[in-house]
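Novice: Below is a structure I'd like to ask you about.
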Amino acid sequence: MAVTAAMVKELRERTGAGMMECKKALVEANGDIELAIENMRKSGQAKAAKKAGRIAAEGIILTRQNGSVGVIVEINCETDFVARDENFLNFANEVADLALNNEVDSLEQLLNATMASGETVSAAREALVAKIGENIQVRRVEKLTGGALADYLHGTRIGVLVAFEGEVDADLAKDIAMHIAASAPQVVSADDVPAEMLEKEREIFTAQAKDSGKPEEIIAKMVEGRLRKFVNEVSLEGQPFVKNPDVTVGKLLKEKGVKVIGFKRYEVGEGIEKKQENFAEEVMAQLKG
């Protein structure tokens with residue numbers, strides 16, 4: 001696969017490495033950006049690989065809950081201006097209400113749900129696109145059930161829905177939801193970390209540790225220590241509680257006799273790469289054309 005300037009630019013943004021290092025890594029990975037990042041981490045070139053994807057799309061996150069059922073929805077548009085438009089917001093709120101009232105658990109089910117106008121969500125979306133003149137997408141929806149639920153919205157850009165086992169104090173439930181919004185855990189507990197994720201991190205840590213020149217038994221201990229730290233970083237229970245970093249979320253929940261059985265965290269546009277418009281180039285092309 002040919003390596004383009006856009007690919008080099010994305011790799012630079014995601015790793016913090018130099019342009020030539022990024023180009024070389026992409027050539028060696030045959031244009032596979034994810035493989036290039038993994039190889040750069042193994043060699044220690046990448047300063048960070050924190051972004052799961054470029055966050056560029058606009059829109060809104062909404063949550064709804066009723067008793068033991070809750071839903072979280074993301075609806076996207078092209079610009080922040082439209083994300084604040086009354087027509088867009090009315091559509092988005094009615095879609096979220098429909099998702100809860102119908103206990104929707106798939107995007108297909110939501111798009112086929114009937115709105116107050118008698119149209120399906122899909123048809124109403126198309127009509128709104130024609131009216132506003134901007135692409136609008138109902139991107140994703142998920143349902144959670146539990147003995148108790150909590151939700152939290154950070155503005156309109158981050159939304160969290162958490163399910164607990166049994167009853168939970170309202171203040172604690174909100175604190176946990178806010179913690180998830182701030183710290184972005186990927187799983188509830190260490191046991192939930194996928195085996196393939198652990199194996200990939202083990203390979204990376206091993207490759208990094210071998211450069212130290214230390215004996216194999218020391219390297220093995222270093223790798224296991226880094227893996228434990230990684231697991232704590234990605235699991236809710238292993239993270240330091242944002243309001244009191246001296247205790248982990250897991251310890252706090254245990255002290256309160258509460259268990260988190262699941263959560264969903266949405267951030268507007270995560271994983272979507274938005275096209276970057278260069279209006280100067282566009283005008284120049286028109287002049288030449």
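Novice: Whenever you get a sec, line up 263, 88 from highest to lowest accessible area (probe 1.4 Å, protein heavy atoms). Write down the numbers at each step before the final one.
Specialist: On the way: 263 30, 88 0 Å².
Per-residue accessible area, sorted high to low, gives 263, 88.
Novice: With a 1.4 Å probe and all protein chains kept in place, how much accessible area does residue 218 have, in Å² rounded to the nearest 10?
Specialist: 70
Novice: Pairs 9/210; 42/229; 200/259; 221/243: which are spaced more than 25 Å apart, C-alpha to C-alpha?
Specialist: Numbers: 9/210 30 Å; 42/229 17 Å; 200/259 29 Å; 221/243 32 Å.
Pairs exceeding the cut-off: 9/210; 200/259; 221/243.
Novice: Put 68, 189 in order of accessible area, largest first, 1.4 Å probe: what do you get?
Specialist: 68, 189
Novice: While we're here: When ranked by the protection proxy of mean other Cβ atoms within 10 Å per residue, highest first, what sequence do the peptides 232-241, 167-176, 206-215 form? Kindly include the intermediate steps, with their values, before the conclusion.
Specialist: Working: 232-241: 19.4, 167-176: 16.2, 206-215: 13.3.
Ranked by mean Cβ neighbours within 10 Å, highest first: 232-241, 167-176, 206-215.
Novice: Computed FRET efficiency, Cβ-Cβ of residue 28 and residue 247, R0 51 Å: what is it to the nearest 0.05?
Specialist: Calculated transfer efficiency: 0.70.
Novice: Taking N as the number of residues in the chain, what is its alpha-carbon radius of gyration divided by 2.2 N^0.38 Å?
Specialist: Details: Rg = 22.5 Å, N = 289, 2.2 N^0.38 = 18.9 Å.
Cα Rg divided by the expected 2.2 N^0.38 Å: 1.19.
Novice: To continue, here is another question. Using the Kirkwood radius over Cα pairs, work out the Stokes-Einstein diffusion coefficient for the stretch 135-197 at 25 °C and 0.890 mPa s, in µm²/s as a whole number.
Specialist: Values: Rh = 13.4 Å.
Rounded to a whole number, D works out at 183 µm²/s.
Novice: Tell me, rounded to the nearest percent, the portion of alpha carbon pairs in the stretch 141-260 spaced more than 20 Å apart. Let's see the in-between values first.
Specialist: On the way: 3614 of 7140 pairs.
Summing the P(r) of the stretch 141-260 above 20 Å gives 51 percent of all pairs.
Novice: Got a sec to turn the phi values of the stretch 142-149 into Karplus ³J(HN,Hα) couplings, 6.51 cos²θ - 1.76 cosθ + 1.60 with θ = phi - 60°, whole Hz, x for Gly and Pro?
Specialist: Karplus-based 3J(HN,Hα) across the stretch 142-149 equals 9, 10, 10, 10, x, x, 8, 10 Hz.
Novice: Taking a cut-off of 21 Å, what percent of all Cα-Cα pairs in the stretch 71-227 are separated by more than that? It would help to have the intermediate numbers written out before the result.
Specialist: On the way: 7564 of 12246 pairs.
Tail fraction, whole percent: 62.
Novice: Between rounded, prolate and oblate, where does the stretch 164-203 land on the alpha carbon gyration tensor, with a ≥ b ≥ c its root eigenvalues, rounded for a/c under 1.5, else prolate if a/b exceeds b/c? All intermediate terms of the calculation are to be shown ahead of the outcome.
Specialist: On the way: a/c = 5.90, a/b = 2.28, b/c = 2.59.
In terms of gyration-tensor shape, oblate.
Novice: Roughly how many whole Å is it from the C-alpha centroid of the stretch 155-183 to that of the stretch 242-264?
Specialist: Going from one Cα centre to the other spans 11 Å.
Novice: I'd like the accessible area for residue 178: 1.4 Å probe, protein heavy atoms, all chains in place, Å² to the nearest 10.
Specialist: Surface open to solvent at residue 178 totals about 70 Å².
Novice: How much area per residue is accessible in the chain when the probe is 1.4 Å and only protein heavy atoms are counted (Å²)? Walk me through the numbers before you get to the answer.
Specialist: Details: 16050 Å² over 289 residues.
Using a 1.4 Å probe on heavy atoms only, each residue of the chain averages 56 Å².
The values are calculated or read from the model by the stated rules, or taken from the named source; none is laboratory data. Because the structure is predicted, anything quoted here is derived from the model rather than measured. Cβ: placed from backbone, ideal geometry, glycine included. Neighbour counts: every protein chain shown. To get the accessible areas, we keep the full protein, side chains included, count just its heavy atoms, and leave off ligands, DNA and RNA. Shrake-Rupley method; radii C 1.70, N 1.55, O 1.52, S 1.80 Å.
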